[in-house]
Amino acid sequence: MDTYGTLLGGVPADEGTKIPLMSSRPQAGFPAPGDDQIEKVLDINDFVVKHPAATFFVRVEGDSMEGAGIFSGDVLVVDRSITPRDGHIVVAAVYGEMVVKRLRAIGNTHVLASENEQYAPITLTGNDDCFIWGVVVGSVRTFV
Amino acid sequence: MIGLMDCNNFFVSCERLFRPDLTRKPVAVLSSNDGCIVARSQEVKDIGIPMGAPLFQVRDTIQKHGIILFSSNFTLYRDISGRVMHALREEFDDTFVYSIDEAFFTIPEGMEVEDIVKIRSRIMQKTGIPVSFGVAPTKTMAKLANSEAKKGNGVIWRTVDECMEQYPSISCGSVWGIGRQMVKRLETLEIRTVSDFLLMGLSFARNEFGVHGERLYLELTGTNASFASDLLSPHASIMSTQSFGRKVRARNVLESALGHHVAHIGEKLRKQDLLASRLTIMCAPSRYGSYALRKGASTVVLSEPTNDTGILLSYTKTLLEEIYDQEVDYAKAGAIVGGLIPASFASGSLFGEVAKEKRRTIFDVVDRLNERYGKETIRPGIIQGTDAWSARSELRSRSFTTRWSEIPHVKAI
């Protein structure tokens with residue numbers, strides 16, 4: 001299993017990997033048998049996933065969003081329950097392909113823009129060739 | 001009022017969720033052994049390929065129309081199903097998951113059809129899965145309203161009178177709870193539509209078809225009856241569990257213990273002519289171990305309600321994989337089935353009626369032998385090796401939502 005897996009667990013699994021927060025101070029030697037001083041566990045799911053039923057993870061491929069701090073290989077947390085608005089980073093389906101872009105309102109039209117000037121913006125046409133799939137609410141990257 | 005939410009072409013919708021390129025393309029999903037077609041997109045239905053068609057019979061049509069085929073990907077379907085049901089529970093307090101893609105719920109006082117329309121679009125936005133809603137005074141009526149909703153704009157709300165108006169044009173066979181045998185019997189009496197059936201009166205229904213007929217009659221006339229007994233509440237369950245005499249660590253010991261429990265449950269289900277829609281297995285760690293935080297139980301909503309020990313066993317193996325930890329000493333194992341429904345209410349023939357009939361006969365024989373010669377005279381090869389159960393699945397999509405290495409890719413270009 002890779003690092004993401006052990007950190008985040010599945011969504012919407014009932015239990016992610018929980019890191020116990022011990023109330024007793026660490027001490028050398030033999031630990032108390034069956035430490036029942038556990039008062040709370042931290043679950044990384046609580047931190048990144050607000051709407052489990054509507055949250056999906058996707059992996060980024062490409063460099064056009066580096067300006068937004070999104071790099072190739074990052075895992076994006078996509079929440080479909082959020083209504084997209086100007087400025088949101090979104091995952092969109094564009095002519096059959098899933099892409100990550102910044103949503104921009106220009107006058108009455110909406111465009112999907114990259115954070116890299118080499119890539120031209122795409123106008124949202126409103127038909128089902130081009131639609132917003134979900135709003136990116138965060139990203140996860142590991143270093144080791 | 002009672003509502004029924006049903007996912008449209010559910011397996012196909014799951015396959016399309018991360019594949020926008022499949023929008024408006026003909027897509028079909030195959031059964032566990034890639035043997036026959038068990039889910040069709042609207043495009044495939046329009047081409048005229050029937051539900052359950054054996055693959056070899058429709059190969060030419062598939063090629064001619066460029067139909068895109070998938071093997072069943074139950075890991076994906078179960079995950080997506082869990083999300084849809086979760087989203088439904090966010091809207092209604094009282095829900096009852098009936099199968100992988102259907103759930104009943106109680107409409108709170110004061111709610112109107114516009115509210116359901118809004119709820120429907122919220123659920124579709126959150127999950128990406130198209131759903132339909134049927135609302136009516138009883139479950140049987142809601143089911144009929146739902147199949148109507150699928151053809152229209154996705155929500156149908158019907159009062160008793162409105163249902164009655166529809167009955168002359170609804171065939172008995174399309175009513176939930178009226179199986180093939182019953183249709184045959186009704187036909188010999190020249191009873192073809194629901195109106196025909198109701199015209200015969202309650203005592204006819206009772207005399208001819210017993211309690212089942214009576215319940216159907218009541219349900220179709222607006223009195224809740226089919227799920228009247230508490231047996232059918234979502235809380236009804238059958239459990240089989242036992243502590244080990246000693247701590248157990250070996251997986252094969254757990255497997256055979258669970259196999260024993262599941263076989264026992266299967267027998268009970270068949271005896272009472274019930275189908276289970278959920279299976280939970282539990283492996284409780286020994287209390288004094290240091291693994292109190294570990295997940296000790298895992299539940300699956302079955303793709304269709306069943307009392308087939310073989311099918312239950314195949315799920316058991318997957319569930320055990322989820323919770324088994326070789327470092328843990330286990331003290332107790334068991335299985336529970338829930339969401340029990342009468343076998344006559346099975347929601348149609350998703351997976352080859354013939355094969356199912358055959359398996360029923362097998363388990364009939366097994367149950368009878370066990371009754372005569374003592375428990376477990378014959379038992380299923382307790383949870384067989386992976387090969388025995390793993391299906392042919394050459395065209396399976398990825399585990400988009402349950403495996404980190406297989407999550408969808410999005411292009412930053």
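Please tell me if B:Ser147 is of a type in the set (Gly, Ala, Ser), at pLDDT 90 or above and either in contact with a Cys (Cβ under 6 Å, 6 or more places away or on another chain) or open to solvent by 10 Å² or more (accessible area, probe 1.4 Å) (or both). Yes. In summary, A:Gly126 fulfils each of the numbered conditions (1) assigned to a strand (DSSP E or B); (2) farther than 22 Å from A:Val58 by Cα with the single exception of condition (1). Scoring A:Glu61 on the criteria (1) open to solvent by 60 Å² or more (accessible area, probe 1.4 Å); (2) at pLDDT below 95 leaves a single failure, condition (2).
Test B:Asp60 against the criterion of being among the acidic types (Asp, Glu) and in contact (Cβ under 8 Å) with a residue 60 or more places away in the chain, and give yes or no. So B:Asp60 does not fit the description; no.
Considering only region A:77-106, state which residues are outside any strand (DSSP E or B) and either under 30 Å from B:His86 (Cβ atoms) or open to solvent by less than 70 Å² (accessible area, probe 1.4 Å) (or both). Once the filter is applied, which keeps residues that are outside any strand (DSSP E or B) and either under 30 Å from B:His86 (Cβ atoms) or open to solvent by less than 70 Å² (accessible area, probe 1.4 Å) (or both), region A:77-106 yields A:Arg80, A:Ser81, A:Ile82, A:Thr83, A:Pro84, A:Arg85, A:Asp86, A:Gly87, A:His88, A:Gly96.
Here is a yes/no grid of residues against (1) among the basic types (Lys, Arg); (2) without any contact (Cβ under 8 Å) to a residue 60 or more places away in the chain:
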{"site": "B:Leu76", "(1), (2)": "no, no"}
{"site": "B:Val84", "(1), (2)": "no, no"}
{"site": "B:Arg89", "(1), (2)": "yes, yes"}
{"site": "B:Ile107", "(1), (2)": "no, no"}
{"site": "B:Gly110", "(1), (2)": "no, yes"}
{"site": "B:Ile119", "(1), (2)": "no, yes"}
{"site": "B:Phe133", "(1), (2)": "no, no"}
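Residues of region B:404-413 that are free of Cβ contacts under 8 Å to residues at least 40 places away in the same chain and either assigned to a loop (DSSP other than H, G, I, E, B) or closer than 10 Å to B:Leu76 by Cβ (or both): B:Glu406, B:Ile407, B:Ala412, B:Ile413.
Give me a count of the residues in region B:268-293 that are within 25 Å of B:Phe74 (Cα to Cα) and either charged (D, E, K, R) or at pLDDT below 80 (or both). Qualifying residue count, region B:268-293: 2. Do we find a residue being open to solvent by 30 Å² or more (accessible area, probe 1.4 Å), under 20 Å from B:Leu302 (Cα atoms) and outside any helix (DSSP H, G or I) anywhere in region B:18-33? The answer is yes; a qualifying residue exists. Applying the criterion of being within 11 Å of chain A (Cβ to nearest Cβ) and over 20 Å from B:Thr106 (Cα atoms) to the residues of region B:122-138, the residue that is surrounded by the most Cβ atoms within 10 Å (Cβ to Cβ) is B:Thr127.
So, in region B:243-252, of the ones that are of a type outside the set (Gly, Ala, Ser) and exposed (fewer than 12 other Cβ atoms within 10 Å of the Cβ), which residue ends up nearest to the chain's Cα centre (by Cα)? Among those that are of a type outside the set (Gly, Ala, Ser) and exposed (fewer than 12 other Cβ atoms within 10 Å of the Cβ), it is B:Asn252.
The values are calculated or read from the model by the stated rules, or taken from the named source; none is laboratory data. As the structure is a prediction and not an experimental result, all values here were calculated from the model. Note that we place each Cβ from the backbone using ideal geometry, even for glycine, and neighbour counts take in every protein chain shown. What goes into the accessible areas is simple: the full protein's heavy atoms, side chains included, and nothing from ligands, DNA or RNA. Shrake-Rupley method; radii C 1.70, N 1.55, O 1.52, S 1.80 Å.
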